Every structure is written in C-alpha cells, then in structure tokens.
Amino acid sequence: MLGIKTFRNSFNQLLANKADYFFLFYHFLMFTGRIRQINISDNTNLVIYLIVTILYSLFMKKLRINIQALYILFIFFIISLPSLILFEYSFVTYIGLIIRLLIAYIIINYFKTKLIFYFENLMFLLAYISIPLYIVQIFYPQFYHIFTPFTKVILPAVYAESSSSNEFQYLLVFGVNGWATLRNSGMFSEPSVYASMLAWAMIINLSINKYKDNKRLAVFFITSITLFSLGMIIYLIPISLIYIINNIGKKYLIYLLRTAFIIAVSFLFLMKTTLFMENYEMMSKKIQIEKTNREMVEKGSLSQHELSRVTGAIKNLEYFSKWPFGYGFFRSETDYFKYLGTSPNGLAVQLVNWGIAFIIILSISAYRFSRILQFYSQKRSVITLILVMITFILPISGTSLTNDPLYLSILLWPIIIYRSFKYLESKTLHLYYC
C-alpha cells in the first residue's frame, strides 16, 4: 500500500507527542462542527470550549497569555468600531468572537513555531486513513451502519434532523456525509472544508520538503481527487505551479510528462465509471446553477441558505463596495441586506464583516506565511512567494467556518509568530557567514 512506512513514521511522531496531538485533534473536532458537546446553548458551549482549552494548556504548562493578546483584542475593537456605531447587532455575538480570538491565541502560543508541522502531520494521517474508508463508503456503505448509535449520540441536530439523516455516519476521524455520499469529506463537515485544509497542508508539505515530490504529497494529491471539489481543483493550480517552477529541469520535465500521461489515462478510465459521471454531473450543475442563482438573488426570491458560493461572493462584494469599512455581525432577513454575509464563501463574508481592515490583515498574514515557508524551503523566489500567498488566501473561500478558533489561529499564526522566525533566520545567516 502507498506509503505505509511513511504512515508508520508519521504515526510514531504522533505517539511521541500524544498530548500535543490530542490537543490539536480536539480543535479539529470542534472545527468540523460535527460534535455535539452538551445539549445546551451555543454560547454556553463556547465558554466550555474556552475553559477546556485554558485548563488543558495549564495542565501541560503551556498556557502563555501576554501583552500580545491585549494588542489583538484592541485592534479587533478598533476594526469593529465603525460597525458597532452604525449597525445594530447583538453584543453577545461580539463577545463570542472575542472568546474565539482568545482560544485561537492560546492555540498559537501552545504550539508556537511547530504548529505547521503538527498541522501537516495530522492532516497526512487523516488523509491516509480517509482513502480506504472512502473506498468502503463507495463500494459497501452498509458497513457504516454499525456506527449509527454512536452517530445519533454525537451529531448535532442540523444533521440528525435533515432529510438525509439516515445516511450520515461519523467515526471522529472519518464521516459519511449524507449530503455528499459519493464524495470524501474526511472528518470534516463537507468536502469544501476538507479541500481548504488539504490545500494548506499540501503547501506546507511542499515547502518543508524543499518543493520535492514525496509520498506524503502523493497521498494528499490522491485524497484531493476523491473530494470531487471545484474549489480543490482551483487550489491545485497554484500548488502545481509552485512544484513545476521549483523543479524545472530535464529530469523533472520527463517525470512531469510521465505523471501527466498517467493522470490523463486514469481520467479517461474514470470518466466511464458511475462514480465519476455522477460527481461530474454534480459539479456541472453547480456551475450551471450560478446564472439562475444570480437572477433569483436580484429578484430577492432566493432563500438565504440557498445562496451559492460564487453568487454569494459577488453579492457580498457589492455590499463591500457600498461600505468598505465592514458591517460587523449585522444581519437582516429582509430588504436590501437580506444576503449580507450569508454566502458560503468565507472570504467574501470576512470582507463584508471587517472591510478594508480584513484585507490588510489577510495580506500581512499571507505575506508572512509565505516568508516563513521560504525559510524552511531555503529557496527565495518572488513568483513562489506570490503563489504561496495565493494558496494561503484561496482556501478561505471554501469554508464558512471563518469565525472558528482553529481557522482564526491559522490566519493569525504568521503575524504573531513571524518575529520568532526572523530571529531564527538571522541566527541561520550568522552561522552561515561565520
């Protein structure tokens, strides 16, 4: 089986740092939205989430909260001030994001510079596991019925009460998505969220392996195909360009041509299968429905939860152009603001929430993320720098979980940790020139 030795080595890394991986996996579970903590209000659950995060960090003697946290909260207050003054929304919602920011800050300071290594390794283990489990999902879905009692206990009401509730199954490390039974959702709420996490893991993997192909990358790529996600196809474009640009040469050109030929032949074979045809039709319908979706939005006849990713992004860009300083958490179910912030496109939602300030923060974060990865790849290239920035930004559009602490930790990690890498970089250069 592909990379079984690599999987063992990866799993041994987990065993050597069980406590840290358990902490990260806990946040992965919370990020999926597929875990029912306690059957109480979301606000109370969020407070419990904060308490658990603090207590675990204290137990591991890794709780570090310093002046940086106050800076982050102060900047957030300044950013949200225009929307707080001009638009009415619940103060409880505002406090909720402050709590989420605190959890994200604790995650960053718990792992510090090692976060991307833990993230990439955990994503590899989950991707590796998901491939055989996805094959079972396709050829023998009845197997997962043995997990139905556990699924009913753990899944939130939004899944349990849906028309496809009987098809949902959840094993913590993997789940069958009742809304996408022919696609690989991994442990995440949907394939689009999985695609975002895979894209980040792939770009980290490429950088720490100096842009060379490796078995972990092959597993990520195979997994990405099983998602049948339009977003994943888009993310693979800059990732592939990064790989090709950094491996230009006769040897790799032949390798690339051979790989491209194998993929092309594989697709010709897959195109004749029921699995491929049904997923192809699903993706085609998503593209075709955008025009109808847009027309219905203009008439105001489309319900908020039916708003598509592209049309939602376009509509929210219109809101942004009218008021580029952010609407905060202001929402309305009727009239002009009916579709404000309702898009499944996380990038568009964050843009209308926080306006120009979000663009500045995202640009700084993407640049610093790319510079940090260049430190590990030991290769400096403006083109690669830009492509990595694009790869960092694009996956945000694929998830609606942009207020989740794990997402916020990924967004803020490059900004908070950058000074540590600048120090490491200066020490490396000093050793080099001595």
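Quick note on the chain: its Rg to Rh ratio, both from C-alpha atoms and Rh being the Kirkwood radius, is 0.95. Spacing of the modelled spin labels on residue 179 and residue 213, each 7 Å from Cα toward Cβ, amounts to 3.6 nm. Using θ = phi - 60° in the Karplus curve 6.51 cos²θ - 1.76 cosθ + 1.60, the 3J(HN,Hα) couplings for segment 168-176 round to 7, 9, 9, 10, 6, 8, 7, x, 8 Hz; x is entered for Gly and Pro. What is the sum of charges around residue 319, taking Lys and Arg as +1, Asp and Glu as -1, for the other residues whose C-beta is under 12 Å from the C-beta of residue 319? Charge balance near residue 319 sits at +3.
Would you kindly give the portion of the calculated P(r) for segment 148-241 that falls above 22 Å, as a percent of all Cα pairs? More than 22 Å apart: 36 percent of the Cα pairs in segment 148-241. As a rough footprinting exposure proxy, the listed residues 305, 27 were ranked by other beta carbons within 10 Å of their own, and the order from fewest upward is 305, 27. Restriction of the trypsin sites (Lys or Arg not before Pro) in segment 39-98 to DSSP coil positions whose beta-carbon has at most 10 other beta-carbons within 10 angstrom yields 61.
Counting every other Cβ atom within 10 Å of each residue's Cβ, 192, 303, 321 order from fewest to most as 321, 303, 192.
Quotient of the Cα radius of gyration of segment 1-160 and 2.2 N^0.38 Å, N being its number of residues: 1.28. Amide H to amide H, with H built 1.01 Å from N, residue 170 comes under 5 Å of 151, 176, counting only residues 5 or more places away or on other chains. Electrostatic bookkeeping for residue 110 treats Lys and Arg as +1 and Asp and Glu as -1; over the other residues with beta carbon under 10 Å from its beta carbon, the sum is +3.
Please compute the net charge surrounding residue 193, taking Lys and Arg as +1 and Asp and Glu as -1 over other residues with Cβ under 11 Å from its Cβ. Mind showing how you got there, number by number?
Values: positive: 34; negative: 190, 404.
Within the 11 Å Cβ shell, the charges total -1.
Relative to the current alpha-carbon distance between residue 44 and residue 143, full extension at 0.36 nm per residue lengthens the span by 32.1 nm. Taking θ as phi - 60° and the Karplus parameters 6.51, -1.76 and 1.60, the scalar couplings of segment 307-314 work out to 5, 7, 5, 6, 4, x, 5, 4 Hz in sequence order, x denoting glycine and proline. Applying 1/(1 + (r/R0)^6) with R0 = 25 Å to the Cβ-Cβ distance of residue 88 and residue 318, what FRET efficiency is obtained, to the nearest 0.05? The value I calculate is 0.70. In sequence order, segment 332-342 has phi-based couplings of 9, 8, 9, 6, 4, 8, 3, 9, 5, x, 9 Hz under the Karplus curve 6.51 cos²θ - 1.76 cosθ + 1.60, θ = phi - 60°, and Gly or Pro positions carry x.
Just from its helices, what would the mean residue ellipticity at 222 nm be for the chain, if runs of 4 or more DSSP H residues each count -39500 (n - 2.57) and the sum is divided by every residue, rounded to the nearest 500 deg cm²/dmol? If you can, show how the numbers build up before the last one.
Working: 17 runs with 303 residues, N = 434.
Computed ellipticity for the chain at 222 nm equals -23500 deg cm²/dmol.
So if the hydrodynamic radius of segment 275-341 is defined as the Kirkwood radius over C-alpha pairs, what does Stokes-Einstein give as its diffusion coefficient at 4 °C and 1.567 mPa s, in µm² per second? Before the final figure, lay out each step's value.
Details: Rh = 13.2 Å.
For these conditions, the coefficient is 98 µm²/s.
Annotation note: trypsin sites (Lys or Arg not before Pro) in segment 152-210 located in DSSP loop regions with a Cβ neighbour count of at most 15 within 10 Å are 210. Taking label positions 7 Å along the Cα-Cβ direction at both residue 277 and residue 131, the computed distance is 2.7 nm, reported to one decimal.
Considering only 47, 310, 352, the Gaussian network model of the chain with Cα springs below 10 Å gives its largest mean-square fluctuation to 47.
Each reported figure results from applying straightforward, stated rules to the coordinates on display, with no laboratory input. Note that this is a predicted model, so its numbers are computed, not measured. For neighbour counting, all protein chains shown are included, and Cβ atoms are generated from backbone atoms with ideal geometry for every residue, glycine included.
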